[in-house]
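One structure below.
The values are calculated or read from the model by the stated rules, or taken from the named source; none is laboratory data. These figures come from a predicted structure and were not determined experimentally. Methodologically, a virtual Cβ is constructed for each residue, glycine included, from the backbone with ideal geometry; neighbour enumeration extends over all protein chains shown. These accessible areas exclude ligands, DNA and RNA; they are computed on the full protein's heavy atoms, side chains included. Shrake-Rupley method; radii C 1.70, N 1.55, O 1.52, S 1.80 Å.
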Amino acid sequence: MGISAASSVSEAMKLCIFDLRRGQHEGQELDKILYFFPADLPFPTQLSVIGLSEGLITFTRIFSPEAPCEVIEAEMHSHVFYEAERDIWMVMVVEKSESEAIWRTAALRSVLKEVHSLFVMFHGSIRALLDREPSGGLTRTHLYYFIMDYLSAFEKRPSLEFRCWDFLSGKKLHLPNFRDSLKERGMVQMLTIGREAALEVQACGDLNFKKFYFKFENWWMRVEGFKEEVRLWWQRLCNKWNPARKEEIMEELAKWEAVQEQKNAHSGGGPTKKSWLSPMTTLIIVTRAEGLPESTSLPPRGSGRVCSLVRVLESCAGCKQSYSLIMFQDLLVSTTLSPDDLINLFTYTVMRLTPNALSAGPSSWSYLRKGSTTSNASASLSTSSNSVLDRYYNSRDTSPVGVRSYQVVRPLQHEKWSKGKDGFLVTDIWGTEVGSLSPSSPTIWLKQTEERMYLCAFQHKSLTIILLIPVTSVHNGEQGLSVVKQQILENASPKIFKVEEKLSRGWGGENAYHVSGYRYLLVDGDKYISRASPPGKVTTLTKDSLVAMSKLRGEVDLEKSRAKCDDSDCEKDQEICIRAKNGAWVISRLTRGKELYMVLEKANETLLYASEAVEKFSDRYCSGVFSL
């Protein structure tokens, strides 16, 4: 029943989660096991793996109490450790026997981090679950189904394209290996859009995770003397927003702008474009300068102002604490979320909600994972019409203790989301309303606000919009959400259609970010953004080039880890150039929190030629950030 030839799985990869605070007395050792894959391994084998891991953690804490071991490299296995929460550890043991078992331990640790982050987004922290139900049965059930759904991708597409971020595919268990050396997990991939489209989407135009978002009016606020001028005008004209006085304010601003333009003609600094001072921008400037709430700057409906899509969505939600995420294809367009929450929701959206995730057709495309993926470990899985997971769950021999005693939400289940006729995405994963056949709305937990939010997803062609609304702010539950959805259909639909049309018109396709002659990966650690060569182009690289890049990135990871442990400057500039066996140049440059990795297979034999190629790339596509 369930997984056949389970021994092959156990030899290839083991994944366990355990709590060091539990099972401290003799005869209670099993109590510390919260999750183990494969679940059908004998308990003595599971305890052996966990006992060894616990011993290594305890030993390394003697020398480094605050940062115990992250990885142990044995002759036949790699042991990767991650302390997800205080005294709750996740450990992955991977066999090195296969010919393509070349991976970065940092990439494997990122898998563990992603599993935990997604779990917390849906179910809350593991420790909170254990405190709520000390027996641990509920926690084990949540972890069991969640991680198995995360690992499972048994559906293989005709175009040899696999679903993003999934690891169990067909009869193979896929882990990040050297073929993924030009990918970065835990980052957001953004869509580059023009100024016109940016203004349609969000008033801030550009994405910045700091509190001071980029907006045209913010640049005016930085000009010396501007805030004082606005305060004087405001105090003289009125105490609150008054449409009748708007023209007077505009005239004062125009006079001040003319003076500033004369100054800028000599200094070359500060904003000078008169078109930036739109009526809406002016009103935002005035309210910010005076310290008034921005809501007072909103003109009444029908006043003729043009509002961004983000502002329209906020208005439809009827709550200032709402958040939005807008995506085109599998790329981020705009968001109001914090970085941690953004990464989690972005990952889930790409996994299950975008048109590419909903579609099972061979023509669908994923920016993050495409092409024929090789395996690191094999597991003979059942390929019958019934899903592997269903057989695995229903097997009496493989069901872990306590799993069948609880009914839990499984948000990572495949093919459970669908698009309704009105454009909203629906699912029955969260069950149904009491006394009704209507599915309950999905909810997630936001780390920034520490509150549960309703997840409302709308999709129009290639545009996916996620609106998060606090559960506590929605009256009458599902009925209140229906009102919000109706508001979106009535008020936001025209703007959504317009934005999608503009983005589609400017979209260059799956090879939009391909640079001829280069295979690259750009990582901005400060903004949690990455950009890479399209996966279809990366697959044209030879194995020697990819292996060399994987080893180079391993060296970089090691240096960053050492710098972190030594409390030294982690953002010091670094450059490494390697000549691969096939003659390709493999290059990495790190500067001020940004990283560039590049493979040049057709470069000249000289290092100078390769260095000049990197300089050209940096100057043209990175504003010279990586130029020496």
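Numbers at a glance
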| quantity | calculated |
| --- | --- |
| Within region 34-55, tally of residues that are without any contact (Cβ under 8 Å) to a residue 40 or more places away in the chain and open to solvent by 10 Å² or more (accessible area, probe 1.4 Å) | 11 |
| Residues of region 496-538 satisfying the condition of being open to solvent by 30 Å² or more (accessible area, probe 1.4 Å) and either of a type in the set (Lys, Arg) or farther than 24 Å from Cys622 by Cβ (or both) | Phe497, Lys498, Glu501, Lys502, Ser504, Arg505, Arg519, Lys527, Arg531, Lys537 |
| Criterion (touching a strand residue (DSSP E or B) at 6+ places or on another chain (Cβ under 7 Å) and either part of a helix (DSSP H, G or I) or over 24 Å from Glu70 (Cα atoms) (or both)) met by exactly one of Val547, Val515, Val523, Val586 | Val586 |
| Count - residues of region 472-496 that are of a type outside the set (S, T, N, Q) and touching a Lys or Arg at 6+ places or on another chain (Cβ under 9 Å) | 0 |
| Among (1) among the aliphatic types (A, V, I, L, M); (2) open to solvent by 70 Å² or more (accessible area, probe 1.4 Å); (3) touching a strand residue (DSSP E or B) at 6+ places or on another chain (Cβ under 6 Å), the one test that Leu552 misses | (2) |
| Inter-residue pairs, beta-carbon under 9 Å, first surrounded by 16 or more Cβ atoms within 10 Å (Cβ to Cβ) and in region 414-436, second among the hydrophobic types (A, V, I, L, M, F, W, C) and modelled with pLDDT under 85, 6+ apart | His414/Ala153; His414/Phe154; His414/Leu389 |
| Odd one out for Gln459, checked against (1) in contact with a helix residue (DSSP H, G or I) (Cβ under 8 Å, 6 or more places away or on another chain); (2) part of a loop (DSSP other than H, G, I, E, B) | (2) |
| Those residues of region 594-621 which are within 28 Å of the chain's Cα centre (by Cα) and either at pLDDT below 85 or surrounded by fewer than 17 Cβ atoms within 10 Å (Cβ to Cβ) (or both), in sequence order | Asp619, Arg620 |
| Condition met for Arg553 (within 30 Å of Gln574 (Cα to Cα), in contact with a Leu (Cβ under 7 Å, 6 or more places away or on another chain) and at pLDDT 90 or above) | no |
| Checking Arg86 against (1) at pLDDT below 90; (2) surrounded by fewer than 17 Cβ atoms within 10 Å (Cβ to Cβ), the condition it does not meet | (1) |
| Of the criteria (1) at positive phi; (2) touching a helix residue (DSSP H, G or I) at 6+ places or on another chain (Cβ under 7 Å); (3) of a type outside the set (Asp, Glu), which one Asn476 fails | (2) |
| Single unsatisfied condition, Thr60 versus (1) at pLDDT below 95; (2) buried (at least 17 other Cβ atoms within 10 Å of the Cβ); (3) within 21 Å of Lys564 (Cβ to Cβ) | (2) |
| Output for region 437-446, where each listed residue is over 19 Å from Leu412 (Cα atoms) and either modelled with pLDDT of 90 or more or open to solvent by 60 Å² or more (accessible area, probe 1.4 Å) (or both) | Leu437 |
| Complete set of residues in region 96-134 that are surrounded by fewer than 17 Cβ atoms within 10 Å (Cβ to Cβ) and modelled with pLDDT under 90 | Lys96, Ser97, Glu98, Ser99, Glu100 |
| Long-range neighbours under 8 Å by Cβ, at least six apart or interchain, first residue at positive phi within region 600-628, second part of a helix (DSSP H, G or I) and polar (S, T, N, Q) | Gly624/Ser618 |
| Positions within region 452-473 being touching a residue at least 60 places away in the same chain (Cβ under 8 Å), over 30 Å from Gly506 (Cβ atoms), surrounded by fewer than 22 Cβ atoms within 10 Å (Cβ to Cβ) and of a type outside the set (S, T, N, Q), in sequence order | Pro470 |
| Cβ-Cβ under 7 Å pairs, at least 6 apart or on other chains, region 186-203 side open to solvent by less than 40 Å² (accessible area, probe 1.4 Å), far side aromatic (Phe, Trp, Tyr) | Met187/Tyr528; Val188/Phe346; Val188/Tyr528; Gln189/Tyr367; Leu191/Phe328 |
| Helices (runs of 4 or more DSSP H) within region 29-133 that include 1 or more residues within 24 Å of the chain's Cα centre (by Cα) and not β-branched (Val, Ile, Thr) | 105-123, 126-132 |
